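All remarks here apply to the structure that follows.
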Amino acid sequence: MNNLTKQLANLYEPKWNELKQQLDAKGIKVQAPFMLGVALEHNNQGGYVDESWWTDADLKVMVFGQEPLNWPMPILDDGSQVQSDDFVELYQRFYSDNYKGEYFLTDSDNHLAKNKFFSMGFNGIMSGIKDFVLGEQYSDKKVAYLWNNISKLSVGGRKGVDSGIHDLEKEYFHVIPQEIEILKPDVLIFLTGPGQNTYYSYIQENFNVKGSPIPLAGNDIDAVAKLDIEGVSLAYKTYHPTATKDGDRGIKDAEKWQYYHAIFDDMKEHLDDIFNNK
């Protein structure tokens, strides 16, 4: 286990053990808690050993979804109890199989990778940063992308996260601030929905957001906004790629692309600051 992944594993293990006691005592079943790992398979040679794709990147971008839906508990062949390292491996296996540096596979055998979060959201952000943010000026820069969720727990299905599950996460599995400290992303993009919704309150619980959201290029501040987050160079928030409505108003993909481009335009203005401070 490599350095960053080992730090993450050491963070998760005691917190998962305590959280599991609480879940078992209350008879609550959840999806697999969302634990990160950045040691990926190296050239398909087996074993999760390669962190250089992240550590050597010139620009590190972390993209947040909402919660880990369709993220099943690992089933161990020997029938032993699932440990926190198994959740880290679950993430690393999914990432090794589907993340290809400049795009995310959406035609793999893994049904989750076919989700619009990846086909439009993740891949759209990757291609947009390559074409509109880096362009020819920074074509030699290496960018790495990491998937996260602003809620680490979910009961799955349509229910997602309820207040009881979220309270347990806050008390026993509050790990996102330490993840950021360990992984040190330059840019955070929250695909968590409009305005100051429930997921925005989760952002505030995990980050020191200074002041109010900042509008971008004349766009509706509830639709897309810049966030001033302590310790992070750039941060933005907009709709989840699967969103079809905002209240009673329908939302089409073309509108979401407009907001993505507002993010790209602002990022481009600040790239020099990021690269010059490394």
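The values are calculated or read from the model by the stated rules, or taken from the named source; none is laboratory data. Just so you know, these numbers come straight off a predicted model, no measurement behind them. Please note: Cβ atoms are built from the backbone with ideal geometry, for glycine as well, and neighbour counts cover all protein chains shown.
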Quick check: is even one residue across region 167-183 assigned to a loop (DSSP other than H, G, I, E, B), under 30 Å from Asn10 (Cα atoms), of a type in the set (A, V, I, L, M) and in contact (Cβ under 8 Å) with a residue 24 or more places away in the chain?
yes
What are the residue pairs meeting all of these: first residue in region 1-25, first residue in contact (Cβ under 8 Å) with a residue 40 or more places away in the chain and over 17 Å from Val82 (Cβ atoms), second residue of a type in the set (S, T, N, Q) and not in a loop (DSSP other than H, G, I, E, B), Cβ atoms under 6 Å, and 6 or more apart or on different chains?
Leu11/Gln178
Taking Glu136 and the conditions (1) in a strand (DSSP E or B); (2) loosely packed, with under 15 Cβ neighbours inside 10 Å, which numbered condition does it fall short on, given that it satisfies the others?
(1)
Boolean, Thr198 is modelled with pLDDT of 95 or more and under 19 Å from the mean Cα position of the chain (by Cα):
no
Identify all residues within region 95-111 that are in contact with a helix residue (DSSP H, G or I) (Cβ under 7 Å, 6 or more places away or on another chain) and part of a helix (DSSP H, G or I); write none if there are none.
Asn98
Among residues belonging to region 228-243 that are out of contact with any strand residue (DSSP E or B) (no Cβ under 6 Å at 6 or more places or on another chain) and among the polar types (S, T, N, Q), point out the one that is nearest to Lys184 (Cα to Cα).
Ser233
Checking Ala144 against (1) over 20 Å from Asp266 (Cα atoms); (2) outside any loop (DSSP other than H, G, I, E, B): exactly one of these is not met. Which one?
(1)
Test Tyr95 against the criterion of being among the hydroxyl-bearing types (Ser, Thr, Tyr), touching a strand residue (DSSP E or B) at 6+ places or on another chain (Cβ under 9 Å), under 29 Å from Thr198 (Cα atoms) and surrounded by 14 or more Cβ atoms within 10 Å (Cβ to Cβ), and give yes or no.
yes
Considering only residues of region 228-252 that are in contact with a helix residue (DSSP H, G or I) (Cβ under 8 Å, 6 or more places away or on another chain) and part of a loop (DSSP other than H, G, I, E, B), which is farthest from Phe117 (Cα to Cα)?
Gly231
Within region 192-227, work out how many residues are outside any loop (DSSP other than H, G, I, E, B), in contact with a strand residue (DSSP E or B) (Cβ under 8 Å, 6 or more places away or on another chain), of a type outside the set (Gly, Ala, Ser) and surrounded by 15 or more Cβ atoms within 10 Å (Cβ to Cβ).
7
Hey, can you tell me all the residues within region 198-212 that are out of contact with any helix residue (DSSP H, G or I) (no Cβ under 8 Å at 6 or more places or on another chain) and closer than 27 Å to Ile165 by Cβ?
Thr198, Tyr199, Tyr200, Ser201, Ile203, Gln204, Asn208
Only one of (1) loosely packed, with under 15 Cβ neighbours inside 10 Å; (2) in contact (Cβ under 8 Å) with a residue 12 or more places away in the chain; (3) not charged (D, E, K, R) fails for Ile75. Which number is that?
(2)
Give the residues of region 103-132 that are touching a residue at least 60 places away in the same chain (Cβ under 8 Å) and out of contact with any strand residue (DSSP E or B) (no Cβ under 9 Å at 6 or more places or on another chain), sorted by residue number.
Asn115, Lys116, Met120, Gly124, Gly128, Phe132
Looking only at region 244-272, which residues are touching a residue at least 24 places away in the same chain (Cβ under 8 Å), in contact with a strand residue (DSSP E or B) (Cβ under 9 Å, 6 or more places away or on another chain) and not aromatic (Phe, Trp, Tyr)?
Lys256, Gln258, Ala262, Ile263, Asp266, Met267, His270, Leu271
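To keep it simple, each residue is scored yes or no on (1) surrounded by 13 or more Cβ atoms within 10 Å (Cβ to Cβ); (2) modelled with pLDDT under 95.
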residue	(1), (2)
Ile229	yes, no
Asp248	no, yes
Glu255	yes, yes
Asp272	no, yes
Lys278	no, yes
